[in-house]
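Structure first, then comments.
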Amino acid sequence: MLKFYHAPWSRGSGVLWLLEELGVDYELVHIDIRAEGGVPEAYRKIQPNKKVPAIEHDGVVITERAAITTYLADAFPQAGLAPAIGDPMRGPYLTALVYCDAVFDPCISAHAHGLTYVGNDYSFGLFDDMVAYVERKLTENPFAAGDRFTAADIQLASGIGYTMDQLKKLPERPAFRAYLQRIGDRPAWKRAQAKDYALAKTVPAWAGKV
């Protein structure tokens, strides 16, 4: 039994795409993170900050997007989305995957809210350094971890697409656009998008907000 706690057009959308790539059965539980009055307190038993995504697999709850992605890609290896331990791509894969949560997202949020700071003030460092690093990685390699598509690309592409095209907070770069074009026609991505549209009914005003 795999239960997925999700809200459309949120950080959970990357996990929705991942589940579609894995091709496994799951129950989607809609958590209305934008409801008047907020998410019910009972949800803290699943996610301590009442955020999405979260999953529950065989009675075990996993939160945090990088942990969920690592867990699912390893739990369903038949999809080939996670380099195995011993594969030279395993280290770059884990690095790219965690970077999305530990550096990319916080830098975007700080930049979007006009936070002024120096590099040593926060663990995630500077926005410009993040942009330069991601641009260099995607110029040197076709995918996040090297020469083949992995679960890390699901999270990185979700982040780039949302923050560059909807939030307009990530600067447009040829390397970013070419990267999205390389993976934007994946059937699983299209299925996930269709499910988010159906769940949200439309593209709402809050789709462009952090």
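The values are calculated or read from the model by the stated rules, or taken from the named source; none is laboratory data. All figures in this text were calculated on a predicted structure; none of them were measured in a lab. Here the Cβ positions follow ideal geometry from the backbone for every residue, glycine too, while neighbour counts run over all protein chains shown. With ligands, DNA and RNA removed, areas are computed over all heavy atoms of the protein, side chains included. Shrake-Rupley method; radii C 1.70, N 1.55, O 1.52, S 1.80 Å.
Quick notes on this one:
- Flag if residue 72 is surrounded by 18 or more Cβ atoms within 10 Å (Cβ to Cβ), among the aliphatic types (A, V, I, L, M) and touching an Asp or Glu at 6+ places or on another chain (Cβ under 7 Å): no
- Residue count, the stretch 75-115 (criterion: among the aromatic types (Phe, Trp, Tyr) and open to solvent by 20 Å² or more (accessible area, probe 1.4 Å)): 2
Per-residue answers, yes or no, for (1) touching a strand residue (DSSP E or B) at 6+ places or on another chain (Cβ under 7 Å); (2) assigned to a helix (DSSP H, G or I); (3) modelled with pLDDT under 95:
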site: 148; (1), (2), (3): no, no, no
site: 154; (1), (2), (3): no, yes, no
site: 157; (1), (2), (3): no, yes, no
site: 160; (1), (2), (3): no, yes, no
site: 164; (1), (2), (3): no, yes, no
site: 170; (1), (2), (3): no, no, no
site: 176; (1), (2), (3): no, yes, no
site: 180; (1), (2), (3): no, yes, no
site: 185; (1), (2), (3): no, no, yes
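- Filtering 62, 46, 85 for residues that are out of contact with any Leu (no Cβ under 7 Å at 6 or more places or on another chain), modelled with pLDDT of 95 or more and closer than 17 Å to residue 13 by Cα leaves a single hit, 62.
- Being within 18 Å of residue 196 (Cα to Cα) and open to solvent by 30 Å² or more (accessible area, probe 1.4 Å) is true of residue 33.
- Considering 112, 144, the condition of being under 17 Å from residue 181 (Cα atoms) and touching a residue at least 40 places away in the same chain (Cβ under 8 Å) is satisfied by 144 alone.
- Residue in the stretch 127-136 that is farther than 30 Å from residue 2 by Cβ, open to solvent by 20 Å² or more (accessible area, probe 1.4 Å) and touching a Lys or Arg at 6+ places or on another chain (Cβ under 6 Å) present: yes
- Entry remark, the stretch 147-161: residues being touching a residue at least 12 places away in the same chain (Cβ under 8 Å) and either open to solvent by 50 Å² or more (accessible area, probe 1.4 Å) or more than 18 Å from the chain's Cα centre (by Cα) (or both) number 1 in total.
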